[in-house]
1. Which condition number in (1) outside any helix (DSSP H, G or I); (2) open to solvent by less than 30 Å² (accessible area, probe 1.4 Å) is the one that A:Gln84 fails?
2. Is one or more of the residues making up the range B:47-61 within 14 Å of chain A (Cβ to nearest Cβ) and in contact (Cβ under 8 Å) with a residue 40 or more places away in the chain?
3. Mind checking which residues of the range B:32-54 are surrounded by fewer than 21 Cβ atoms within 10 Å (Cβ to Cβ) and either among the aromatic types (Phe, Trp, Tyr) or in a helix (DSSP H, G or I) (or both)?
4. What are the residues in the range B:38-62 that are of a type outside the set (A, V, I, L, M, F, W, C) and more than 10 Å from DNA strand D (Cβ to nearest atom), if any?
5. Go through the range A:115-131 and report how many residues are assigned to a helix (DSSP H, G or I) and either more than 8 Å from chain B (Cβ to nearest Cβ) or of a type in the set (Ser, Thr, Tyr) (or both).
6. Considering only the range B:11-28, how many residues are crowded, with 17+ Cβ neighbours inside 10 Å, of a type in the set (Val, Ile, Thr) and outside any loop (DSSP other than H, G, I, E, B)?
7. Is there any pair with a first residue in the range A:85-104 that is facing another protein chain (nearest Cβ under 10 Å) and on the phi < 0 side of the Ramachandran plot and a second that is part of a loop (DSSP other than H, G, I, E, B) and small (Gly, Ala, Ser) whose Cβ atoms are under 6 Å apart and which are 6 or more apart or on different chains, and what are they?
Number of protein chains: 2
Amino acid sequence: MNYVEAKKEFIQTWGTLGNHWGTNRTMSQIHALLLISPDALTTEDIMNELSISRGNTNMNVRDLMDWGLVHKVLKQGERKEYFQAEKDIWKVATQVAKERKKRELDPMIKALEKLSALEGPGKDKKIKAFKNVLEDIQEVAKNTDKTLNTMIKAEENWFWSQLLKVFK
Amino acid sequence: MNYVEAKKEFIQTWGTLGNHWGTNRTMSQIHALLLISPDALTTEDIMNELSISRGNTNMNVRDLMDWGLVHKVLKQGERKEYFQAEKDIWKVATQVAKERKKRELDPMIKALEKLSALEGPGKDKKIKAFKNVLEDIQEVAKNTDKTLNTMIKAEENWFWSQLLKVFK
DNA sequence: CCAAACTTTCAATTTCAATTGAAAAATAAA
DNA sequence: TTTATTTTTCAATTGAAATTGAAAGTTTGG
């Protein structure tokens, strides 16, 4: 397998996986493309490489920036915007964990709180079962939340400590 | 909010969340319904409660069984199949982690192995960048794999030790 | 073996999200 | 200010996945 084939396959694979992470296929394909590009790319480059429309490219690049996975790069004397992926994969993983927590876990915890607040003492079998499930889920959710927070904080500390080393 | 409303909302919420877990909306709604039902339900019960077709119910219940989240229950002298959700939420969480690992992480690791095996020594900037990314991702993926395995095993041990207690 | 009870399959349809592309808006140079 | 370049928006379209429902398949009691 040569570079061109491997690249194609990598983009394909990463795109499929993206579905599972909460990012859509195209978004992950753009991410993959930028990850393996040594240099920053323009919207046009991305359109051509992936054969997708300008609108699609624009929206998904913006989403990638919202996720903190891609950054805008401005070049001296050029008007076009260039895009560059965050290359530190640990940072990518942390970033994804952070965003997913924000988008999935946090809303779930809120929804559960709302639901469990609004039920009086249950005599009925059904109500008892319902309240039990709510409590149990809340327990798991809060534990997960704590664990993720710890991981994210650890990773952030590590990042800053690495950064400090550069200036020491 | 009364029981009926809370139930509706819980099913709704769980369904929305399901999208993020790799299970589809209906599948998670059925799961939610079974989670809060003190007793096992039939296909008909599920159809009526959620206003969905027989075919849809059947397929999604089967998927839930594939995920290990729901079990078939046979009742004395009854011909119908009843369905019951796994109620231990920690077990549910473990099960989901296990399945997602199988469906997402494992294929990714395989794909990466295939890709990184098939590249000779790279002189080109592009090829170097590509190989770097592959290596880094593999590192993260393998770490994640190890962590998940540890968690799953820990949970399984805990489960069996709990079970043993019952018979002691 | 037959018929009733129940489950599974699958082609056709519906639904919803992703995508397009052209027009509008923004930005910067002349 | 005008013009040229680039980005953003969004109504219309496309495409993929979910859903239906009726027909086919399976199982069990008589």
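The values are calculated or read from the model by the stated rules, or taken from the named source; none is laboratory data. Worth saying up front: this structure is predicted, and the values here are computed from it rather than measured. Reconstructed Cβ throughout: ideal geometry from the backbone, glycine too, with neighbour counts over all protein chains shown. Areas reflect the complete protein model, heavy atoms only, side chains present, ligands, DNA and RNA absent. Shrake-Rupley method; radii C 1.70, N 1.55, O 1.52, S 1.80 Å.
1. Result: A:Gln84 passes all but (2).
2. No, the range B:47-61 has no match at all.
3. B:Thr43, B:Glu44, B:Asp45, B:Met47, B:Asn48, B:Glu49, B:Leu50, B:Arg54
4. B:Pro38, B:Asp39, B:Thr42, B:Thr43, B:Glu44, B:Asp45, B:Asn48, B:Glu49, B:Arg62
5. Taking the range A:115-131 and keeping what is assigned to a helix (DSSP H, G or I), we get A:115-117, A:125-131.
The next check asks that each one be either more than 8 Å from chain B (Cβ to nearest Cβ) or of a type in the set (Ser, Thr, Tyr) (or both); those that pass are A:116-117, A:131.
Going through the range A:115-131 one residue at a time, the tally reaches 3.
6. Total meeting the criteria: 3.
7. A:Arg100/A:Gly22
Every residue, every condition in (1) surrounded by fewer than 15 Cβ atoms within 10 Å (Cβ to Cβ); (2) more than 13 Å from DNA strand D (Cβ to nearest atom), yes or no:
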| site | (1), (2) |
| --- | --- |
| B:Glu9 | no, yes |
| B:Ile30 | no, no |
| B:Met65 | yes, yes |
| B:His71 | yes, yes |
